[in-house]
Amino acid sequence: MEFLLTEEQVMLKDMVSKFAKDRIAPVASDNERNHRYPADIIKEAGELGLMGIAYPTEYGGAGMDYISYMLAVEEVSRWCASTGVIISAHSSLVCDPIYRFGTEQQKQKYLPDLLSGKKIGSFSLTEAGAGSDSGATKTTAKLVGDKWVLNGSKLFATNGQEAEVFVLVASTEPGQKTRGVSAFIVDRETPGYRIGKVERKLGIRSSSTTEIILENCEIPKENLLGDLNKGFKVSMVTLDGGRLGIASQALGIARASIEDSVKYAKERQQFDAPIANLQAIQFMLADMWVEYQAAWLLTWRASKMKDAGIVYSQEAAAAKLKASEVAMFCANKAIQIHGGYGYTEDFNVERYYRDAKITEIYEGTSEIQRLVISRSLLQ
Ligand code: COS
């Protein structure tokens, strides 16, 4: 696909690929299986500019485009999907809304530390009763004097344990659902703010997923992000970009499944020959490759539209839907090709399978992506 990329994008891809092979690959499985956050790797990623790829240099970003971001998340996720989502949630869900909706003062205050990776960001939309129906937010924000007072709890916050800056959504006009929520920036040290349950998950275990509890948490009036009662749109626009990050993560998992399967099929001997000689294996590999290519092109197309400033919600949903289903398909076939060994921790494909599943769920389930796509078709 390199003919679709600029010279600068190819250079970035090569640089991230080398970093991921040298630094991430050797520790990825051990970290993931032991629920260990890759702090050193994230620090290095920050030094390489990977925590702020698609944001202007004036705020400390790398000044590149969203295609470059897509390529970087895929390269990282090829070796470690946990590291991929740490970068993606930080960039797409925190840096992006602050850059897009923040006041100049908010950008100056938060972006330099976030884009350089000195501080990690986390985004909280979901609640116990507000998952796919994200407008059903029960957490409240009330203006008292010159402070917003937040009360409630949020769920499934990626990077919740490590983050120092949180973007979250709370109801400012209870009963108004999507037209009565607003977005806020909250600093970790704010009194009344604490991390609740830390989830034990099927996969992506190197990235933390936490509950966030807000008890009379007072933040300055100026920490409202975007306009009052327009927080639902802030989240939807943010999730459009986030879905490209998850599509890219899923592409990385799919590619890992293909590359590991090709290697194994050439090495594994059965019936006095490598299993790669068997048409059953060859056809599985062919199907995996075709699906990956299709998902890559959809993700590239939606990223290109984002870079061009064209509305791309439907295309982002399509990219995320396809790439996540392709990641599951490829990881499933990879285990099949590896046979009994694929089901063990001696090979990485069991990790790919566990990691792939979440891409069909977070930042909008596959059903929500189908809803977004069909609504666009029918409007
Ligand atoms: N960009 C900009 N605005 C958008 C938008 C988008 N992608 N999607 C919706 N909106 C706007 C609508 O235009 C509407 O605006 P008005 O109030 O001016 O009419 C408003 O947001 C409400 O939209 P809608 O009526 O479509 O809201 P619904 O409650 O029907 O919800 C879905 C729409 C289901 C698509 C939305 O809730 C969703 O994406 N849910 C999944 C959330 C999710 O991904 N959660 C995982 C979080 S992981 S961090």
Top mean-square fluctuation among GLN105, GLN336, GLN293, Gaussian network model of the chain, C-alpha springs under 10 Å?
GLN105
Estimated 222 nm signal from helices in the chain, with DSSP H stretches of n ≥ 4 weighted -39500 (n - 2.57), rounded to 500:
-17000 deg cm²/dmol
P(r) histogram, all alpha-carbon pairs of the chain included - 20 Å bins from 0, percent
30, 57, 12, 1
Largest fluctuation, ALA286, ALA256, ALA163 only, Gaussian network model of the chain with Cα springs under 10 angstrom, belongs to ALA286
Phi to ³J(HN,Hα) by Karplus 6.51 cos²θ - 1.76 cosθ + 1.60 over the range 274-282, Hz, x for Gly, Pro:
x, 5, 4, 6, 8, 5, 4, 6, 4
With θ taken as phi - 60° and the coefficients 6.51, -1.76 and 1.60, list the Karplus ³J(HN,Hα) couplings across the range 179-187 in order, rounded to whole Hz; mark glycine and proline as x.
9, x, 10, 9, 9, 9, 10, 10, 7
Taking only protein heavy atoms and a 1.4 Å probe, what accessible area per residue, in Å², does the chain have with all protein chains in place?
43
Can you give the local net charge around SER92? Use residues other than it whose beta-carbon is closer than 10 angstrom to its beta-carbon, Lys and Arg +1, Asp and Glu -1.
-2
Give me the extension gain from GLN379 to GLU8: residue separation times 0.36 nm, minus the current Cα-Cα distance, reported in nm with one decimal.
129.7 nm
Assuming R0 = 56 Å, what is the FRET efficiency of SER132 and ASN277, from their Cβ-Cβ distance, to the nearest 0.05?
0.75
With label points set 7 Å from each Cα along the Cα-to-Cβ direction at GLN270 and GLU104, the distance between them in nm comes to 6.6
Compute the distance in nm between two label points, each set 7 Å from the Cα along the Cα-to-Cβ direction, one at GLU367 and one at GLU164.
4.0
Collect residues whose amide H, placed 1.01 Å from N in the peptide plane, falls under 5 Å from the amide H of PHE156; neighbours closer than 5 in sequence don't count.
THR210, GLU211
For the range 189-196, in residue order, the Karplus 3J(HN,Hα) values (coefficients 6.51, -1.76, 1.60; θ = phi - 60°; whole Hz; Gly and Pro = x) are 6, 5, x, x, 10, 8, 7, x
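The values are calculated or read from the model by the stated rules, or taken from the named source; none is laboratory data. Worth saying up front: this structure is predicted, and the values here are computed from it rather than measured. All Cβ positions, even for glycine, are placed from backbone atoms using ideal geometry, and neighbour counts span all protein chains on display. Surface areas here come from the heavy atoms of the whole protein model, side chains and all, with no ligands, DNA or RNA. Shrake-Rupley method; radii C 1.70, N 1.55, O 1.52, S 1.80 Å.
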